[in-house]
Amino acid sequence: MAQSTITTGKEARTSRVSFEQSRTMYAWFFLVPTLFIIAVIAIYPLFQTFWLSFTSTRINVDRPASFVGFDNFINLFGDSDFQSALVITLAFTVITVFFEFVLGMVVALVLNANFRGRGVMRAVMLIPWALPTVISTKIWAWMYNDNYGVFTDMFRRIGIIKPNDNFAFLSTTNGTPFAMGIVSVIDIWKTTPYMALLLLAGLQLVPDDIYEAARVDGANRIQQFFQITLPLLRPSIAVALIFRTLDAVRVFDLFYALFGDRPDVQTVATFAQNKLVNQSRVGYGSAVCVILFIIIAIFVAVYVRTFKIEEA
C-alpha cells in the first residue's frame, strides 16, 4: 500500500512537470513571432540609433560619415539650446504629471462612487483625451488668440486690459515661464482623464468588504484612503505614472502645434526633430534621441524601485 502511494505521488509529480514543460513550450511557440516582430521594428532601430549617435552621419552630404565617439554627446551638453530644451522637458514632465495625478485621483474617486449617471460621466470625461492632440491644441490656440480669443475677452471684461487692447498670450515677449504655464494647462486639461481612467481601473479591483471592515473598526474616509486605497492602488499608480511620464518626456506635437520652431520653448523631442529633419544632422540628432531614451529609462527605474512593482 505504501509502495503504491509512493508510485502514485511520483506519477503525479511527473505529470505536473510534463504539463509545465508543455505549457512553457506552447508559450514560447506563441511568443517567438511577437518577439521577432519587436526585434525587427523596435530593437534593431534602437541599436541603429545608438550606433549613429557615435558617428558624424549627415544627409545630402558628399563626405562619408566617420566614427566620432562621444563628440556628439559632449557638444550636446555644451549646446545652450539643448540645455534649454532639457530643462523645459523636465519641468513640463514634473508639473504636468504631478497635477494630472492629483486631479486624476480626485476624478477617479468621484467616478468610483455609486451614483446615478456614473456611466455617462465616465464616457463624457474621456472626450478631452479622445481628441487628437493637434486639434485640441489648435482649439486652445484660438482661445489664446490676442484679438478674438476667449481669454483676451475675459481680461477685457474684468479690467486687466483696456477694451481696445490685446494680450498676446503666445508672444515670445512673455517669456518661457509664461509659455510653459500655457502649454501645461492644455496638457493637464487633455490628459487628466487618461490618468483618471488608469486609476479608476485600479480602484475597481479593490474589494468593497475591506472598506466595510474598516468602517466597522471606526476608520474614517481619510484613514481609509491612506491606509487602504493608496497601498492597494500602488501597482495602478506606478503604471499610470510610467505611461504618463513616457508621454510627457517625449512630448512633441503639443509644443510644435502651439509654438512651431520657437527655440525658447523647444522640448528635447522638438530639438531632435529640428536636428534630424531640418538640419539633416543624423548623428547629432541620434545622440539627442539616445539621451531621451536614457531619461525615460531613469524615470521608469525610479518608479519601479519606488513602488516595488515586482513585489506587488
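Please tell me the relative contact order of the stretch 35-79 in percent, rounded to the nearest whole number, where contacts are Cα pairs under 8 Å and at least six residues apart. Let's see the in-between values first.
Numbers: 21 pairs, mean separation 12.5, N = 45.
Reported relative contact order: 28 percent.
Nothing charged except the Cβ atoms of Lys and Arg (+1) and of Asp and Glu (-1): what's the magnitude of the dipole of the stretch 164-234 about its Cα centre? Round to the nearest 20 debye.
Details: 4 positive and 6 negative charges, 24 e Å.
So the dipole magnitude of the stretch 164-234 works out to roughly 120 debye.
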*May I ask which residue of 172, 99, 52 lies farthest towards the positive end of the charge dipole of the chain, with charges of +1 (Lys, Arg) and -1 (Asp, Glu) on Cβ and the Cα centre as origin?*
99
*Taking Cα pairs under 8 Å and at least six residues apart, what relative contact order does the chain come out at, in percent?*
28
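In what order, largest first, do 261, 79 sit by accessible area if the probe radius is 1.4 Å? Before the final figure, lay out the partial values.
Details: 261 85, 79 30 Å².
Heavy-atom accessible area, descending, gives 261, 79.
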*Tabulate in residue order the Karplus-calculated ³J(HN,Hα) for the stretch 246-253, using 6.51 cos²θ - 1.76 cosθ + 1.60 with θ = phi - 60°, rounded to whole Hz; enter x for Gly and Pro.*
4, 5, 5, 5, 8, 4, 9, 4
*Taking only Cα atoms, what is the 0 to 90° angle, nearest 10, from helix 80-112's long axis to the longest principal axis of the chain?*
50
*List the chymotrypsin sites (Phe, Trp or Tyr not before Pro) in the stretch 93-172 that DSSP assigns to loop (not H, G, I, E or B) and whose Cβ has at most 13 other Cβ atoms within 10 Å. Which are they?*
115, 148
*Based on the Cα atoms of the stretch 11-167, what semi-axes does the equivalent ellipsoid have, where each is the square root of 5 times one gyration tensor eigenvalue, given in whole Å with the largest first?*
47, 37, 15
*For the pair residue 27 and residue 139, what calculated FRET efficiency results from E = 1/(1 + (r/R0)^6), where r is the Cβ-Cβ distance and R0 = 45 Å, to the nearest 0.05?*
0.45
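Once fully extended, how much extra length lies between residue 113 and residue 127, figured as 0.36 nm per residue of separation less the alpha-carbon to alpha-carbon distance? Kindly include the intermediate steps, with their values, before the conclusion.
Values: separation 14, 0.36 × 14 = 5.04 nm, distance 2.04 nm.
That pair, residue 113 and residue 127, stretches by 3.0 nm at full extension.
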*Any idea what the dipole of the stretch 11-165 comes to, in debye rounded to 20, about its Cα centre with Lys/Arg Cβ at +1 and Asp/Glu Cβ at -1?*
720
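Could you calculate the contour length gain from residue 298 to residue 246, that is, 0.36 nm times the residue separation minus the distance between their Cα atoms, to one decimal place in nm? Intermediate results must be reported in sequence, preceding the final value.
Details: separation 52, 0.36 × 52 = 18.72 nm, distance 1.08 nm.
Value of the extension gain: 17.6 nm.
Average the reciprocal distances over every distinct pair of alpha-carbons in the chain, invert the result, and give the Kirkwood radius in Å.
Details: mean 1/r = 0.0418 Å⁻¹.
Computed over Cα pairs of the chain, the Kirkwood hydrodynamic radius comes out at 23.9 Å.
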_Rounded to two decimals, what is the ratio between the C-alpha radius of gyration of the stretch 154-253 and 2.2 N^0.38 Å?_
1.67
*Using the beta-carbon distance between residue 157 and residue 90 and R0 = 35 Å, what value does 1/(1 + (r/R0)^6) give for FRET efficiency, to the nearest 0.05?*
0.45
*What dipole magnitude, in Debye to the nearest 20, does the chain give about its Cα centre under +1 on Lys/Arg Cβ and -1 on Asp/Glu Cβ?*
440
*Under 5 Å between amide H atoms, partner at least 5 residues away or on a different chain: which partners does residue 55 have, H built in plane at 1.01 Å?*
68
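May I ask you to derive the relative contact order of the stretch 237-312, considering only C-alpha pairs under 8 Å and at least 6 residues apart, and to give it as an integer percent?
Working: 49 pairs, mean separation 26.7, N = 76.
Reported relative contact order: 35 percent.
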*Once the whole set of protein chains is in place, how much accessible area is left on residue 25, using a 1.4 Å probe, in Å² to the nearest 10?*
120
_Quick check on the chain: helices-only [θ] at 222 nm, where DSSP H runs of length 4 and up contribute -39,500 (n - 2.57) each and the sum goes over total residues. Nearest 500, please._
-22000 deg cm²/dmol
*With a probe of 1.4 Å, find how much accessible area the chain has per residue, and write the answer as a whole number in Å².*
60
*Tell me, what ³J(HN,Hα) does each residue in the stretch 71-77 have, in order and in whole Hz, if you take phi through Karplus 6.51 cos²θ - 1.76 cosθ + 1.60 with θ = phi - 60° and put x for Gly and Pro?*
4, 4, 5, 5, 5, 4, 6
*Relative to the first principal axis of the alpha-carbon coordinates of the chain, what is the inclination of helix 133-143, with its axis defined by its Cα atoms, in degrees from 0 to 90 and to the nearest 10?*
40
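The values are calculated or read from the model by the stated rules, or taken from the named source; none is laboratory data. Everything numeric in this text was worked out from a predicted model, so none of it was measured. Cβ sites come from the backbone with ideal geometry, for glycine too, and all protein chains shown count toward neighbours. These accessible areas exclude ligands, DNA and RNA; they are computed on the full protein's heavy atoms, side chains included. Shrake-Rupley method; radii C 1.70, N 1.55, O 1.52, S 1.80 Å.
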